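The values are calculated or read from the model by the stated rules, or taken from the named source; none is laboratory data. What you are looking at is a predicted structure, and each value in this text was computed from that prediction instead of being measured. With ideal geometry, Cβ positions are generated from the backbone for all residues, glycine too; neighbour counts draw on all protein chains shown.
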Amino acid sequence: MSKTKVSIKDIAQRAGVSTALVSYVLNGKEKESRVGQEIATKVRQIAADLNYQPSHLAKSLRSGKTHTIGLVIADISNPFFANIARVVEDEAKRNGYTVIIGSSDENASKSQDLLDVLINRQVDGFIIVSSEDSEEQIRCLNDKHIPFVLLDRYFPDIPSDFVSTDHYKASYDAGTHLVRNRYKHIGMIAYDSQLFHMQERIRGYQDALRDNHVQAHEHWLKRVKISAIDTGVKAAIDSMLAIDQPIDALLFATYSLAVSGLKHINKLGIKVPDDLAIVSFGQAEVFELYYCPITYLKQPIVLLGQTAVELLVKKLTHKLTEPAQILMKAELIERASSKTKKTLTI
């Protein structure tokens with residue numbers, strides 16, 4: 001079989017018609033050009049026989065569209081982002097788009113590099129999971145009228161399209177769940193970050209304790225730098241267990257923090273949940289495989305990814321004018337790690 005790429009001219013010569021007529025037929029415009037059904041069928045059959053593949057580059061040059069989407073995620077090694085990338089890819093394909101994926105590794109400089117490269121690749125638009133200190137990048141995309149949708153993380157002061165979990169409500173539900181299960185000294189480990197979603201998780205935890213009449217201790221909340229997770233989490237847990245009012249329950253603000261924390265808890269010989277109850281954001285198989293299955297906040301990954309693509313496609317086809325801002329509910333999946341605390345009887 002010949003490796004030479006079949007062109008419209010080859011089809012036209014075989015069919016005995018003009019290249020313009022072939023172009024009309026293969027682009028579904030035979031009605032506009034008043035092409036007869038017999039000729040149209042013949043052209044399509046010849047194209048199929050010759051295994052004709054349309055030139056996407058030529059089509060892009062004509063339309064000004066590449067039918068590609070740039071997906072910038074925060075950390076591809078995190079199961080949440082890896083799974084959401086797959087959802088975005090599948091949904092984009094269903095809508096006729098190809099996805100180019102890049103991971104910023106929670107680094108604003110790398111995020112900017114990815115945006116620059118993808119803009120040069122002429123992607124039609126972006127779906128972005130923002131990293132720390134990337135707010136100005138989002139403002140720049142807005143100013144340049146480049147279509148984008150923020151996913152999971154957004155900036156409330158920037159008018160933009162976003163789809164995210166209601167991080168405040170999720171954290172509030174987790175804190176309330178622990179109080180209702182008789183835990184009174186509830187700690188939280190979060191990232192030392194100004195990103196809005198992290199601040200909302202902290203606020204939800206604090207409000208849950210206050211609204212359920214639990215007097216919070218200032219040393220129950222620890223913030224860990226993302227560049228030093230293991231050492232930061234270890235120091236945080238050691239500190240919260242050493243104070244006069246040691247914690248009896250712990251909420252991890254992310255999956256990565258939880259994995260690091262559970263490793264250290266095992267080294268200390270702490271039993272979950274008898275010595276320490278655990279709840280974490282983010283679903284992953286490791287939470288089910290732990291000797292005591294971990295209670296977690298399940299974010300609607302499929303719906304988040306599908307909705308982000310839907311919003312972006314609407315923007316690209318000019319069917320969306322006002323910013324769409326969507327918050328979705330996380331589901332608390334209760335496992336053994338936060339079961340009701342036993343009370344001592346005399």
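General observations
- Of the set (1) at pLDDT 95 or above; (2) farther than 18 Å from residue 226 by Cβ, all apply to residue 188 but (2).
- Residue within the range 209-221 that is surrounded by fewer than 18 Cβ atoms within 10 Å (Cβ to Cβ), modelled with pLDDT of 95 or more and under 27 Å from the mean Cα position of the chain (by Cα) present: no
- Hits in the range 82-106 - residues which are crowded, with 18+ Cβ neighbours inside 10 Å and more than 17 Å from the chain's Cα centre (by Cα): 97
- Only one of the listed residues (249, 242, 235) is over 19 Å from residue 328 (Cβ atoms), small (Gly, Ala, Ser) and crowded, with 24+ Cβ neighbours inside 10 Å. That residue is 249.
- The residue pairs whose first member lies in the range 261-288 and is hydroxyl-bearing (Ser, Thr, Tyr), whose second member is outside any helix (DSSP H, G or I), and whose beta carbons are closer than 7 Å, counting only pairs six or more residues apart or on different chains, are 280/252; 280/294; 280/296.
- Close Cβ contacts (under 8 Å, 6 or more residues apart or on different chains) running from residues in the range 207-222 that are part of a loop (DSSP other than H, G, I, E, B) to residues that are loosely packed, with under 15 Cβ neighbours inside 10 Å and among the β-branched types (Val, Ile, Thr) comprise 217/243.
- Identity of the residue in the range 107-120, surrounded by 18 or more Cβ atoms within 10 Å (Cβ to Cβ) and touching a strand residue (DSSP E or B) at 6+ places or on another chain (Cβ under 9 Å), that ends up farthest from residue 73 (Cα to Cα): 118
- Positions within the range 293-333 being touching a residue at least 12 places away in the same chain (Cβ under 8 Å), more than 14 Å from the chain's Cα centre (by Cα) and farther than 13 Å from residue 161 by Cα, in sequence order: 293, 294, 295, 296, 297, 329, 331, 332, 333
- Residue 150 meets the stated requirement of being hydrophobic (A, V, I, L, M, F, W, C), crowded, with 21+ Cβ neighbours inside 10 Å and at pLDDT 95 or above.
- Test result for residue 221, more than 25 Å from residue 263 (Cα to Cα) and among the hydrophobic types (A, V, I, L, M, F, W, C): no
- Given (1) small (Gly, Ala, Ser); (2) over 24 Å from the mean Cα position of the chain (by Cα); (3) closer than 28 Å to residue 98 by Cα, number of the condition residue 336 does not satisfy: (3)
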